[in-house]
Amino acid sequence: MSNNSITASYDSLPLLLRIIIQLIGGAVVGGIYRIVKFLETKNVVTLVVGLLATFTGIGNLIAWIVDLITLIVHGKYTVCAN
């Protein structure tokens, strides 16, 4: 992965800003992050989770909570975002 990728640019934002983005629109942002990450890494599991997190109601809620926790604890999305 190049340092100029979209996900690397998002990951380089200040942690507080990423937490605020997560609180406001994290379910959609986390899903889109995973879809873009799939385009960069070609990991199919990342794409499937990204689609579920973006387009399903319960997936949005679960992804929002999990992403918020992993963002606070690890400073980045870690669950199915590789």
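A few remarks follow.
- Single residue of region 10-39 satisfying the filter (open to solvent by 60 Å² or more (accessible area, probe 1.4 Å) and of a type outside the set (A, V, I, L, M)) that is farthest from Ile72 (Cα to Cα): Ser12
- For region 41-59, taking the residues that are closer than 13 Å to Ala81 by Cα and of a type in the set (Val, Ile, Thr), the one that is surrounded by the fewest Cβ atoms within 10 Å (Cβ to Cβ) is identified as Val44.
- Within region 68-82, residues that are open to solvent by 50 Å² or more (accessible area, probe 1.4 Å) have Cβ atoms under 8 Å from residues that are among the acidic types (Asp, Glu) in these pairs: Lys76/Asp11; Val79/Asp67, counting only partners at least 6 apart in sequence or on another chain.
The values are calculated or read from the model by the stated rules, or taken from the named source; none is laboratory data. Predicted, not measured: the structure shown is a model, and the values here were computed from it. A quick note on method: Cβ atoms are made from the backbone with ideal geometry, for glycine too, and the neighbour counts reach across all protein chains shown. SASA here: full protein model, heavy atoms, side chains in, ligands and nucleic acids out. Shrake-Rupley method; radii C 1.70, N 1.55, O 1.52, S 1.80 Å.
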